[in-house]
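Please read the structure below before turning to the comments.
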Amino acid sequence: MSRDLTAPEQRRLMLDSVRDYLGQLAEEGLEGLPAPSAPARAPAAKAAAPAASALVPDGASSRAAAASPASQSRPAPAPIELLSRYPGLEKTASLEELSAFIGDCKRCKLAPLRTHLVFGVGNPQADLMFVGEAPGADEDARGEPFVGRAGQLLTDIIERGMGLKRADVYICNVIKCRPPDNRNPEPDEVAACEPFLMRQIDLVRPRAIVALGAFAVQALLKVKTPISRLRGNWQEVRGVKLMPTFHPAYLLRSPGEKRVVWQDIQEVMKLLGLEIPSRGGAR
């Protein structure tokens, strides 16, 4: 004869159901739960960011004009309200000065656990910036972002897919120190590093940012909307157009999604006036 579950048993059953659901989200690359307010906020984000087709002029002459350096204007630096968290941060005038300002950072609990602080790498005046989540084991060991298997795939996207060199773009992460066991960064860790990421964006002043993966997208846009709903749609952060897409690590687990990432990358190439090759390794 069946019996009613006790309160502790009901709580355990509920927790098991939540764990199963979170595991399913992680396998799908969502890495988060949509907040109740997300549906109300999503239209505003879309209204602020024009459709990709509106960002790319039609016609060969227009494309040539878009590709001409003289015709391209970089976004103006964003307000410094967030930078006031660390007095003097707004005065850093280059990435070198910013790196020196950060120094041997001990501003959050990750500092004692890291091997190297992973600041960023690439062209300090790049038109294109890639932002990931956090350093992994390979990145922590070398002090450079995206150098492991996921980094090799990102390099393949940049060089074979986009026809650029890795040194042509700028690459960094939301946070600069590796979380233990590659877990997601926690809110206090993001808060500690966020002003540095914003200053990197202000100093590079790219024409486009590609946010890689759910965590980076949600951290930059301040939303909890799943990456599956955001990817492929232009957004904006600090006056810069932002394209959300899947993280290369997710593509290693789900190679079938490379096709949609290539679609996102093509939209970025159109915005930058880059010729889309007939064959690309990212597809």
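The values are calculated or read from the model by the stated rules, or taken from the named source; none is laboratory data. Please read all numbers here as calculations on a predicted model, not as lab measurements. Here Cβ is always computed from backbone atoms with ideal geometry, including for glycine, and neighbour counts include all displayed protein chains.
Just one of the listed residues (Leu110, Leu128, Leu117, Leu98) is crowded, with 16+ Cβ neighbours inside 10 Å and under 15 Å from the mean Cα position of the chain (by Cα), and it is Leu128. Tallying residues that are aliphatic (A, V, I, L, M), within 15 Å of Leu212 (Cα to Cα) and either in contact (Cβ under 8 Å) with a residue 40 or more places away in the chain or in a helix (DSSP H, G or I) (or both) within the range 142-176 yields 9. A search for C-beta distances below 7 Å between a residue of the range 120-135 that is β-branched (Val, Ile, Thr) and any residue that is in a loop (DSSP other than H, G, I, E, B), counting only pairs 6+ apart in sequence or on different chains, returns Val121/Glu144; Val121/Pro145; Val131/Val174.
Checked against the criteria, Glu139 does not count as closer than 25 Å to Val237 by Cα and not in a loop (DSSP other than H, G, I, E, B). Going through the range 177-193 one residue at a time, which ones are assigned to a helix (DSSP H, G or I) and charged (D, E, K, R)? Correct list: Asp181, Asp188, Glu189.
Only one entry in Arg199, Arg231 is in contact with a helix residue (DSSP H, G or I) (Cβ under 9 Å, 6 or more places away or on another chain), modelled with pLDDT of 95 or more and more than 23 Å from Ile157 (Cα to Cα), namely Arg199. Being surrounded by 21 or more Cβ atoms within 10 Å (Cβ to Cβ), in a helix (DSSP H, G or I) and in contact with a His (Cβ under 9 Å, 6 or more places away or on another chain) is not true of Phe196.
Ala167 meets the conditions (1) over 19 Å from Arg231 (Cα atoms); (2) among the small types (Gly, Ala, Ser); (3) under 11 Å from the mean Cα position of the chain (by Cα) in every case but one. The failed one is (3). Annotation for the range 85-104: at least one member residue is aromatic (Phe, Trp, Tyr), more than 22 Å from Ile209 (Cα to Cα) and in a loop (DSSP other than H, G, I, E, B). If you go through the range 216-235 one residue at a time, do you hit one that is among the polar types (S, T, N, Q) and surrounded by fewer than 17 Cβ atoms within 10 Å (Cβ to Cβ)? The answer is yes; a qualifying residue exists. Filtering the range 220-237 to residues that are closer than 22 Å to Pro185 by Cα and either part of a loop (DSSP other than H, G, I, E, B) or without any contact (Cβ under 8 Å) to a residue 40 or more places away in the chain (or both) leaves Lys222, Val223, Lys224, Thr225, Pro226, Leu230, Arg231, Val237. Please verify whether the range 199-219 includes one or more residues that are β-branched (Val, Ile, Thr) and part of a loop (DSSP other than H, G, I, E, B). Scanning the range 199-219, I find no residue that is β-branched (Val, Ile, Thr) and part of a loop (DSSP other than H, G, I, E, B), so the answer is no. Taking (1) polar (S, T, N, Q); (2) over 30 Å from Val260 (Cα atoms); (3) modelled with pLDDT of 95 or more in turn, Ser84 satisfies each apart from (3).
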